[in-house]
């Protein structure tokens, strides 16, 4: 049976920013109760009073927040090097039987140049290549017979070296994505390995994104 309390909990759990505001005690309960009146009345199919919603908000028991995790704090306090690479291009191709053969030709061309940034990701239906813009022609030439879904220039990548064992820490990526979202930074691509995490953003956002990533040590 739905109650005001259960409706409040459902709304809060599905709204990370709202839960964040409540945990920091920066949201006015009275104002929030008025804002939630319409959706909760709709969920219960009857009118409800703002006072009842406000009481439910005050009684809401938040789960132990991931920000309080000692393990999470330890990971961010021990972040490794943060590397920025600019002048990148992104290509997305439809998967095909010849895709890997064409990729091998690109790798053969750039293998002797350690300064080239290269990342390849294969999904169920499409594959993505991020490469230094100086080698865009190499991709275009070798993938000329492939179906190009999308491409983008003027991108930058921020790579973060994570401590070993990071994959066992709950909320790690949530914290990173949340901080970036708060600053309205759109992620063009995300690439990760076991101990390395890379975000790709448009050039005009790279300074802002770098500042957010660098500030993670102090924020958590």
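The values are calculated or read from the model by the stated rules, or taken from the named source; none is laboratory data. Since the structure is predicted, the reported quantities are computational estimates derived from the model, not experimental observations. So basically every Cβ, Gly included, is an ideal-geometry build from the backbone, and we count neighbours across all protein chains shown.
For region 40-69, a residue qualifies if it is surrounded by 14 or more Cβ atoms within 10 Å (Cβ to Cβ), assigned to a helix (DSSP H, G or I) and at pLDDT 85 or above, and the qualifying residues are 40, 41, 43, 44, 50, 52, 53, 54, 55, 56, 57. Screening residue 170 against (1) touching a helix residue (DSSP H, G or I) at 6+ places or on another chain (Cβ under 8 Å); (2) surrounded by 13 or more Cβ atoms within 10 Å (Cβ to Cβ) leaves a single unmet condition, (2). When residue 27 is tested against (1) touching a helix residue (DSSP H, G or I) at 6+ places or on another chain (Cβ under 6 Å); (2) outside any loop (DSSP other than H, G, I, E, B), just one condition goes unmet, and that condition is (2). Considering (1) at pLDDT 95 or above; (2) surrounded by fewer than 18 Cβ atoms within 10 Å (Cβ to Cβ), the lone condition that residue 131 does not fulfil carries the number (2). Using the structure shown, decide if residue 100 is surrounded by 12 or more Cβ atoms within 10 Å (Cβ to Cβ), at pLDDT 90 or above and either assigned to a helix (DSSP H, G or I) or not assigned by TED's automatic domain parsing to the domain that holds residue 146 (or both). Yes. Among residues of region 144-155 that are under 10 Å from residue 130 (Cα atoms), those with a beta-carbon under 8 Å from a residue that is in a loop (DSSP other than H, G, I, E, B) at least six positions away or on a different chain give the pairs 152/188; 155/188. On the stretch given as region 18-46, residues that are in contact (Cβ under 8 Å) with a residue 40 or more places away in the chain and closer than 15 Å to residue 56 by Cβ total 4.
Quick one: would you say residue 192 is closer than 18 Å to residue 131 by Cβ, in contact with a strand residue (DSSP E or B) (Cβ under 8 Å, 6 or more places away or on another chain) and without any contact (Cβ under 8 Å) to a residue 24 or more places away in the chain?
Working: closer than 18 Å to residue 131 by Cβ: yes; in contact with a strand residue (DSSP E or B) (Cβ under 8 Å, 6 or more places away or on another chain): yes; without any contact (Cβ under 8 Å) to a residue 24 or more places away in the chain: yes.
Considered against the rule, which asks whether it is closer than 18 Å to residue 131 by Cβ, in contact with a strand residue (DSSP E or B) (Cβ under 8 Å, 6 or more places away or on another chain) and without any contact (Cβ under 8 Å) to a residue 24 or more places away in the chain, residue 192 comes out as yes.
The lone criterion from (1) surrounded by 13 or more Cβ atoms within 10 Å (Cβ to Cβ); (2) modelled with pLDDT of 95 or more left unmet by residue 82 is number (2).
Taken as a whole, region 175-197 holds no residue that is assigned by TED's automatic domain parsing to the domain that holds residue 89, surrounded by fewer than 14 Cβ atoms within 10 Å (Cβ to Cβ) and closer than 16 Å to residue 77 by Cα. Residues in region 1-27 that are more than 24 Å from residue 180 (Cα to Cα) and either surrounded by 13 or more Cβ atoms within 10 Å (Cβ to Cβ) or modelled with pLDDT of 90 or more (or both): 3, 4, 5, 6, 7, 8, 9, 10.
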